[in-house]
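Participant: I'd like to ask some things about the structure below.
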Amino acid sequence: MNFGFSEEQELLRQQVRKLLDEQCPMNEVRRLIETPEGYSRELWKQLAELGFLGLLIPEEYGGAGLGWVDQVVMFEETGRTLFPSPLISTLLAASVIGDIGSEEQRRRWLPVIADGSRIGSLALLDQADVWSTEGVRLTARRRGDTFVLDGEKPFVVDANRADLLVVAFRTGGDDADLALAVVDGDVPGLEVTPVPTLDRTKCLGTVRFDDVQVAAQDVLGAPATAGPAISRVLDRGAAAVCAEMIGAAEAALASTVSYAKDRIQFGSPIGRFQGVKHPLAEMYTDIESFKSLVYYAAWALDRAPARVPLAVSEAKAFGSLAFSRIGIDGVQLHGAVGYTEEYDIQLYLKRSKWARPMFGDEDHHHDRIASLGGY
C-alpha cells in the first residue's frame, strides 16, 4: 500500500511553503511579533483568497471540503516558519460550528470564516490543566430566552484577535447540561486581557464575562451534543498542534545541521564529532517517528473516529517530549550563541515550550493512553 501523500497534497505543501517563504520569512516573523496585532492582516487575506482558511469547511459554505490529512500538510508548513497567525484557533472554531451547528448557523458563520473576514477562537475550559469536559466550570443563568454568563476563561488562544468565540458553559450539574454557543468578540460585558507568553508568535488571553447575554439562536447543537463536540475539538486541537510541531522540529534540526557544518572548532566543522552527530541523528529519528503517529491520527480524524482518542494521545505524548528535547539539544549544539536573540534556534525552543502543554502535555496523554487500554 502507498502511505505517502497524494500529488494534490504535495502541491498544497509547495504552495503554502512558497507563500510563507516569500511573504513571511523569519525576519518578517520577528517584525510581526513586535507589532500590537502580532500578525499580518494582509497575509491573512491572502490565505483566504487562496482557499487556505477553508480547507476543512464544506464547499457549500465557501470552503474546499478537504480533510484533516490535507490540513496537517498545511500546519506542518506554518509550524516550519513559526508563522504568527490565528490559524489553528479559527479552524477549530469553524470545525465546532460545522460539527453541531444548525444549517442556519453554518450559513451564518462558516462563509465569513472561510473568506477571512471573521477570526474565531475557542473559550472552552475554566481549568487550564484539565483537558476534558470536566474542565468546563462556567455556569449560565437563565433570563427569559437567553443565557447569562458571568466568569472567566483563562489562556484562550488568540482571544485578543477573535471576532467570535465558541464558548463552553454549563446549564446544570451533569455532562448532559453542557452547552456551546458562539459569542461575538465585541458583545457588551466581554473583556479580553492579553497574557504574556514565552513564544511571542502565539497569543493567549483571559476572557472575562460580565452579564454577557447569549441568545438562543447562538447556542450550537441539540441538548447533550456539546460534551462529545468538546471532546472531539480537543482531539483536533492536539492533532493541529502536533502537525505544527513536526514542521517546527524539522526547521530546528535543519538550522542545527547547518550550524554544525559551518562552525569550526579545533580546525574542523563540529558536525564531524560524534558528540554532535549522535544528537542530530536522534533528533531526526524522533521526528520521523513522530510524523508516523501524527499522520495516523490525522487519518483517523478523517476515516476512523473510534480510533481518534488513542491515536491523538499517542502522537501528543510522544511529540511533547520529543520536540522539547529537540529544542533543548538544538540550542545546546549551537553553543552559548544559541540563547541569543540573533539566532533563530531559540525561537524554536520557545515554540516547544508553548506546544508542550497545549491540549495536554505528555503526562495527561500518557494517563489517557493507559485509560484507553493502549499499554
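Participant: Please indicate, with yes or no, whether at least one residue in the stretch 218-228 is outside any strand (DSSP E or B), under 30 Å from ARG41 (Cβ atoms) and either assigned by TED's automatic domain parsing to the domain that holds ASP361 or at pLDDT below 95 (or both).
Facilitator: Of the residues in the stretch 218-228, the ones outside any strand (DSSP E or B) are 218, 221-228.
Okay, now just the ones that are also under 30 Å from ARG41 (Cβ atoms), so 218.
Next, only the ones that are either assigned by TED's automatic domain parsing to the domain that holds ASP361 or at pLDDT below 95 (or both) stay: none.
Within the stretch 218-228 (the criterion being outside any strand (DSSP E or B), under 30 Å from ARG41 (Cβ atoms) and either assigned by TED's automatic domain parsing to the domain that holds ASP361 or at pLDDT below 95 (or both)), the answer is no, since none of the residues qualifies.
Participant: Please state which of the following conditions GLU134 fails to meet, knowing it meets all the rest: (1) modelled with pLDDT under 95; (2) in contact with a strand residue (DSSP E or B) (Cβ under 6 Å, 6 or more places away or on another chain); (3) outside any loop (DSSP other than H, G, I, E, B).
Facilitator: Unmet condition: (2).
Participant: So THR81 fits all but one of (1) within 21 Å of GLU250 (Cα to Cα); (2) polar (S, T, N, Q); (3) surrounded by fewer than 17 Cβ atoms within 10 Å (Cβ to Cβ); what number is the exception?
Facilitator: All conditions pass for THR81, except number (3).
Participant: On to the next question. Before we move on, is ALA64 among the hydrophobic types (A, V, I, L, M, F, W, C), assigned to a loop (DSSP other than H, G, I, E, B) and outside the structural domain of ALA315 (by TED's automatic domain parsing)? Please lay out each step first, then the result.
Facilitator: Numbers: among the hydrophobic types (A, V, I, L, M, F, W, C): yes; assigned to a loop (DSSP other than H, G, I, E, B): yes; outside the structural domain of ALA315 (by TED's automatic domain parsing): yes.
Judged against the criteria, ALA64 is a match.
Participant: Going residue by residue through the stretch 297-319, is there one that turns out to be within 16 Å of ALA248 (Cα to Cα), among the aliphatic types (A, V, I, L, M), over 19 Å from the mean Cα position of the chain (by Cα) and at pLDDT 95 or above? Quick ask: steps written out before the conclusion?
Facilitator: From the stretch 297-319, those within 16 Å of ALA248 (Cα to Cα) are 315-316, 318-319; that's our starting set.
With the extra rule that they be among the aliphatic types (A, V, I, L, M), the set shrinks to 315.
From the residues that got through so far, the ones that are over 19 Å from the mean Cα position of the chain (by Cα) too are none.
The answer is no; no qualifying residue exists.
Participant: Determine whether the stretch 95-112 contains at least one residue that is out of contact with any Asp or Glu (no Cβ under 8 Å at 6 or more places or on another chain) and among the hydroxyl-bearing types (Ser, Thr, Tyr).
Facilitator: Yes, there is a match, as at least one residue in the stretch 95-112 is out of contact with any Asp or Glu (no Cβ under 8 Å at 6 or more places or on another chain) and among the hydroxyl-bearing types (Ser, Thr, Tyr).
Participant: Please pick out the residue among VAL312, VAL337, VAL308, VAL331 that is surrounded by fewer than 19 Cβ atoms within 10 Å (Cβ to Cβ) and part of a helix (DSSP H, G or I). Lay out the reasoning, then the answer.
Facilitator: Working: VAL312 fails: surrounded by fewer than 19 Cβ atoms within 10 Å (Cβ to Cβ); VAL308 fails: surrounded by fewer than 19 Cβ atoms within 10 Å (Cβ to Cβ); VAL331 fails: surrounded by fewer than 19 Cβ atoms within 10 Å (Cβ to Cβ).
Criteria check complete, one pass: VAL337.
Participant: If ALA370 satisfies all but one of (1) assigned to a helix (DSSP H, G or I); (2) among the hydrophobic types (A, V, I, L, M, F, W, C); (3) within 18 Å of PHE75 (Cα to Cα), what's the number of the condition it fails?
Facilitator: The single condition ALA370 does not satisfy is (3).
The values are calculated or read from the model by the stated rules, or taken from the named source; none is laboratory data. Not measured: the values here are computed from a predicted model. Note that each Cβ is placed from the backbone with ideal geometry, even for glycine, and that neighbours are counted across all protein chains shown.
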